[in-house]
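As structure tokens, the structure follows; a few thoughts come after it.
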Amino acid sequence: MNTQGRKTHIDTLGVEGGNAASAAAGTISGNRALMLEEPLIFEQDSPGTTGVDLPEPPTFKPRLGKVRERGTIGLPGLSEPEVIRHYTRLSQKNFAIDSGLYPLGSCTMKHNPRLNEKLARLPGLSDIHPMQPERTVQGALELIDTLAHWLKTLTGMPAVAMSPAAGAHGELCGMAAIRAAIEDRDGSTSHRRRVLVPESAHGTNPATAAACGFTVDAIPADATGRVDLEALKAKLGDDVAAIMLTNPNTCGLFERDIIEIADAVHKAGAFFYCDGANFNAIVGRVRPADLGIDAMHINLHKTFSTPHGGGGPGSGPVVLSEALAKFVPLPYVVHGEDGFSLVESGEDDQANGKEFGRLKGFHGQMGMFVRALAYILSHGADGLRQVASDAVLNANYVMASLKDVMTASFEGPCMHEALFDDRFLKGTGVTTLDFAKAMIDEGYHPMTMYFPLVVHGAFLIEPTETESKQSLDAFIRVMRGLAERARSGDAEHFLGAPRMTPRRRLDETGAARKPVLRWVPEVSQAEAAE
Amino acid sequence: MRYLPLTEADRRSMLATIGVPSVDSLFRDVPEAARLSAPIEGLAPHAGEMEVERTIAAMAAKNISAGSVPSFLGAGAYRHHVPASVDHLIQRGEFLTSYTPYQPEVTQGTLQYLFEFQTQVALITGMDVANASLYDGATSCAEAVMMANRVTRRGKAVLSGGLHPHYRDVTLTNARFHGFEVVAAPADPEGEEDLLALIDDKTSCVVVQNPGFFGQVRDLTDLAAAVHAKGALLIVAVAEVVSLGLLTPPGEMGADIVVAEGQSIGNSLNFGGPYVGLFATRDKYVRHMPGRLTGQTVDAEGRRGWVLTLSTREQHIRREKATSNICTNSGLCALAFTIHMSLLGEEGFKRLARLNHAKAVQLADRLDGLKGVEVVSDSFFNEFTVRLKKPASKVVNKLAKHGILGGVPVSRLHPGDEALADLLLVTATETNTDADMEALAHGLKEALS
Ligand SMILES: Cc1ncc(COP(=O)(O)O)c(C=O)c1O
């Protein structure tokens, strides 16, 4: 193991060499009972071993043209039991919703029902090829169409594009639709290229606007944490293509003026894109169509509980208003007299001629569609409304129970998440990051930190509706205890945290300064050092 | 409702703590006109597992699953055998229900497998570094072109006619909105195109697929040198990643960026998604890369560990100046990929590739003898093109009626080109038996007679 040669840059850390919880203190193996050290898979190579028994092909004459067969790749050989143990041990180094409260604001870490996993694996859904003849996949097309129907119904919007692969990809889809509609209306030389984005927006919003060829113009927030309507109006003009607004916003607040915002934007000839990452707060209680929205992505991996899987995959269908309904990506499902079919190209007889093109390979994230539909059907009309109600209730309960010891950034009520800032830590020597690391030792995954950018040292706490009151009370007890501890002058406790994790604080500065992004064999490491 | 733990008593007591009379009052910021009081139109009340399973299983039952019949479909999605342990491991809740590893102390599991994944991808492509995955092969291709534009500060991409049409189309969509030029060579079933003739001093990159969409495998070494001589980058797309177990990798042929569809390893067909985009490049271009990267570091006690790194490229830091807008990627599909690859190992991966090639050679030989069938591809890996004496889409529909998924008609992906209407893409993998091949040969004979 090569752990030498790099100094940690975690200067503030009080590293106590004799800490009982540290590996250095104790065992021969470096293990700590259930906390097991696990080398890289590449360090467990026994050459020639494999975990998959495949027949050796009979002799045959290769047809590789001028291409040579490759030499040694360098992949390690392991048997099945070794592989199972490796990944089991790795899994035990992860926190997950299955293990505890995971209040990562904006990310919506709610329970992932296992029925949905089971259904996504039915061979009739998982073992079908995207290029099978349409006659052989009528059930799959029906499923996409059914989910599309419920997404349209829940949002009140007339159209939905199903193919985007995640939220950011949905943003790209919606902004492309807007640009296509503007070019259709004003001509391709339209100078409407400015997009208004609040300072509190998620990073994907400005990144998407730029990826679509727009320039980004930031709009400020008012004292209540919402878009400053007057400032917005002042920015509108005939070069503005759209506004990208998150609602409920990233401060966890409903944009009270949203209908006026929509009117002003439309009056100026621009479109209203809504980042729907927080749709979980209002599903079943508010339809985005009634707010004047033109396009909104829905992260199925947030509102509709498809698992985040350590960073994906997601799915980001985009609902569209009448004005944008034709400007959809290819492909899409249509329902005709003899069943369902796919419009896969602009040359298709059923195409409307205004489709803006393809966004990804094949037809969208089918595996996620199955799970999201199962979620919708399981909750039903009453359950979905209850989802939003309980999500908002839980967040307000956390807010109400912490606001005397932490500093809430804005006046409530909040929606599905509670935003605090670091004013309550002033003078304690403890930062939001330090506080988060101490939460880890208490058995919690921290909230989202330092986002949104409009408050200092943000704590964005989203408990979700799948936490019980007991669970919230235990969390509140911990948060209150930590807040009091910070203010009592015990900064040391926070600066050294976490102490009980598989690894303590990691040197991120060093990692970025001299990136090591892959394993290399010992020999080449030695060679490289010479 | 089984997923909602709050009781009515809980709700009442929580409302009292908050100091409001009802949940409705928490929604008071919603404009009155937009408050929905009616139930969701047409949606039944909540349902138990049994009812939901019944509804969705009924939809599943209307599809013909590829594994239940002789199946020869490819064109960018391949049916391979996925070992049982893969699906077992990715369903461990600690993997399945975790988020992007933003807090490294409690996500070393995810970070370590991503570091191993990056290493495996770099090794099989023959490149220096790989990222922690993008959405799929097609979006990775578009991202690669935009990266080449950044690296070369040019804005014109040349796409081979052997590039998967979806990869081409996604690149074209991005070109239209992001604002760069694309020269797409016409479909090239015979492998005769001259890409060099399309390059000029504005060209940022040339994108070729290997094996090509129509099946041919090519040595790209000379093309790489010629592209580099013009100051452009060579991007190699790999739609069937198993081929990298047999063929000289793109990295050894001089590729600057390699993008691939990783679905074949560890992931089911899933009707086209979710899949996993692989993205690898040279060390010197790392800071231009899209997507997340995991890097090695040490913790406060000097022990080796992993973190997300070089995030100053990414949207959450750079916002409108980011290298890509991607956030959520294909984490769990990357996990499936890396577990399957670990199970295969050097021996298994190479054998799997040889086996695929052997099956395809066997099938090509079997079909080439049939009346009205001509194998067009003179070289191939596990997929090749045949010319039929009738329109391929008609033949495929006829085969489907007889319970055979006989291949992908080229016209489905290249619609409107009459010259391609008779071409059929046929794939054989380790899952195809001799009996499957006999069934296809027999079916084709009937369909063509
Ligand atoms: C407010 C907001 N917008 C957009 C996104 C991007 O969504 P995704 O990660 O699915 O691409 C996220 C999630 O991270 C988000 O929280």
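Descriptive notes on the structure:
- Counted residues, the stretch B:328-340 - those being at the interface with another protein chain (Cβ under 7 Å from one of its Cβ atoms) and either surrounded by fewer than 24 Cβ atoms within 10 Å (Cβ to Cβ) or part of a helix (DSSP H, G or I) (or both): 5
- When we screen A:Val430, A:Val405 for residues that are over 22 Å from A:Pro307 (Cα atoms), surrounded by fewer than 24 Cβ atoms within 10 Å (Cβ to Cβ) and not assigned by TED's automatic domain parsing to the domain that holds A:Arg285, the only hit is A:Val405.
- Test: residue in the stretch A:376-394 that is away from chain B (no Cβ under 11 Å) and in contact with a Phe, Trp or Tyr (Cβ under 6 Å, 6 or more places away or on another chain): no
- Odd one out for A:Val370 among (1) closer than 28 Å to B:Ala175 by Cα; (2) buried (at least 24 other Cβ atoms within 10 Å of the Cβ): (1)
- Inclusion of A:Thr108 among residues that are more than 7 Å from chain B (Cβ to nearest Cβ) and of a type outside the set (A, V, I, L, M, F, W, C) is warranted.
- Only one of the numbered conditions (1) out of contact with any Asp or Glu (no Cβ under 8 Å at 6 or more places or on another chain); (2) more than 9 Å from every other protein chain (Cβ to nearest Cβ); (3) closer than 23 Å to A:Met35 by Cβ is not met by A:Asp473, and that is (3).
- Once the stretch A:246-285 is narrowed to residues that are of a type in the set (Val, Ile, Thr) and part of a loop (DSSP other than H, G, I, E, B), the residue that is nearest to A:Leu460 (Cα to Cα) is A:Thr250.
- Subset of the stretch A:354-372 (residues that are part of a helix (DSSP H, G or I) and basic (Lys, Arg)): A:Arg371
- Check on A:Arg121, more than 16 Å from the ligand (Cβ to nearest atom), more than 7 Å from every other protein chain (Cβ to nearest Cβ), free of Cβ contacts under 8 Å to residues at least 24 places away in the same chain and closer than 26 Å to B:His166 by Cα: yes
- Test: residue in the stretch A:181-200 that is within 23 Å of the chain's Cα centre (by Cα), within 12 Å of the ligand (Cβ to nearest atom) and within 8 Å of chain B (Cβ to nearest Cβ): no
- Meets criteria (buried (at least 21 other Cβ atoms within 10 Å of the Cβ), in the same structural domain as A:Ser315 (by TED's automatic domain parsing) and over 26 Å from A:Ile243 (Cβ atoms)) for A:Leu143: yes
- Of all residues in the stretch A:189-225, those being basic (Lys, Arg) and at pLDDT below 95 number 0.
- Residue in the stretch A:452-465 that is of a type in the set (Val, Ile, Thr) and surrounded by fewer than 19 Cβ atoms within 10 Å (Cβ to Cβ) present: no
- Against the test of being among the hydrophobic types (A, V, I, L, M, F, W, C), at pLDDT 95 or above, under 22 Å from the mean Cα position of the chain (by Cα) and outside the structural domain of A:Thr246 (by TED's automatic domain parsing), the options A:Met162, A:Met109 yield a single qualifying residue, A:Met109.
- Within the stretch A:211-221, if we keep just the residues that are farther than 13 Å from B:Asn325 by Cβ and either within 12 Å of another protein chain (Cβ to nearest Cβ) or part of a helix (DSSP H, G or I) (or both), the residue that is nearest to the ligand (Cβ to nearest atom) turns out to be A:Ala218.
- Residues (acidic (Asp, Glu) and outside any helix (DSSP H, G or I)) located in the stretch A:473-495: A:Asp490
- Residue in the stretch B:79-102 that is out of contact with any Phe, Trp or Tyr (no Cβ under 6 Å at 6 or more places or on another chain) and at positive phi present: no
- Screening the stretch A:150-168 for residues that are within 11 Å of the ligand (Cβ to nearest atom) and in contact with a strand residue (DSSP E or B) (Cβ under 8 Å, 6 or more places away or on another chain) and picking the one that is nearest to A:Pro331 (Cα to Cα) gives A:Pro164.
- Restricted to the stretch B:355-449, the set of strands (runs of 3 or more DSSP E) holding at least 2 residues that are of a type in the set (Val, Ile, Thr) and surrounded by fewer than 23 Cβ atoms within 10 Å (Cβ to Cβ) comprises B:373-375.
- Selection count where residues are within 21 Å of A:Pro158 (Cβ to Cβ) and either touching a His at 6+ places or on another chain (Cβ under 7 Å) or within 11 Å of the ligand (Cβ to nearest atom) (or both), scope the stretch A:274-287: 4
- Qualifying residue in the stretch A:331-351 (condition: in contact with a Lys or Arg (Cβ under 6 Å, 6 or more places away or on another chain) and away from the ligand (no atom under 13 Å from the Cβ)): no
- When the helices (runs of 4 or more DSSP H) confined to the stretch B:25-96 are screened for residues that are within 26 Å of B:Pro409 (Cβ to Cβ), those reaching at least 1 such residues are found at B:49-60.
Matching residues to (1) over 27 Å from A:Lys267 (Cβ atoms); (2) modelled with pLDDT under 95; (3) within 16 Å of the ligand (Cβ to nearest atom):
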site	(1), (2), (3)
A:Ala289	no, no, no
A:His297	no, no, yes
A:Pro307	yes, no, yes
A:Gly316	yes, no, yes
A:Leu324	no, no, no
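- Among the residues making up the stretch A:395-406, those that are among the hydrophobic types (A, V, I, L, M, F, W, C) and more than 7 Å from chain B (Cβ to nearest Cβ) are A:Ala395, A:Val398, A:Met399, A:Leu402, A:Val405, A:Met406.
- When B:Asp87, B:Asp169 are screened for being out of contact with any strand residue (DSSP E or B) (no Cβ under 7 Å at 6 or more places or on another chain) and of a type in the set (Asp, Glu), only B:Asp87 passes.
- When A:Thr208, A:Thr108 are checked against the criterion of being within 14 Å of the ligand (Cβ to nearest atom), at positive phi and surrounded by 24 or more Cβ atoms within 10 Å (Cβ to Cβ), A:Thr108 stands alone in meeting it.
- Members of the stretch B:73-95 that are in contact with a Ser or Thr (Cβ under 9 Å, 6 or more places away or on another chain) and either closer than 23 Å to A:Lys360 by Cα or within 7 Å of another protein chain (Cβ to nearest Cβ) (or both): B:Leu73, B:Gly74, B:Ala75, B:Ala77, B:Tyr78, B:Arg79, B:His80, B:Leu89, B:Arg92, B:Gly93, B:Glu94, B:Phe95
- Condition met for B:Thr107 (without any contact (Cβ under 8 Å) to a residue 12 or more places away in the chain and crowded, with 21+ Cβ neighbours inside 10 Å): yes
The values are calculated or read from the model by the stated rules, or taken from the named source; none is laboratory data. Note that the structure is predicted; figures quoted are calculated from it, not measured. Cβ coordinates were reconstructed from backbone atoms using ideal geometry, including for glycine residues, and neighbour counts include every protein chain displayed.
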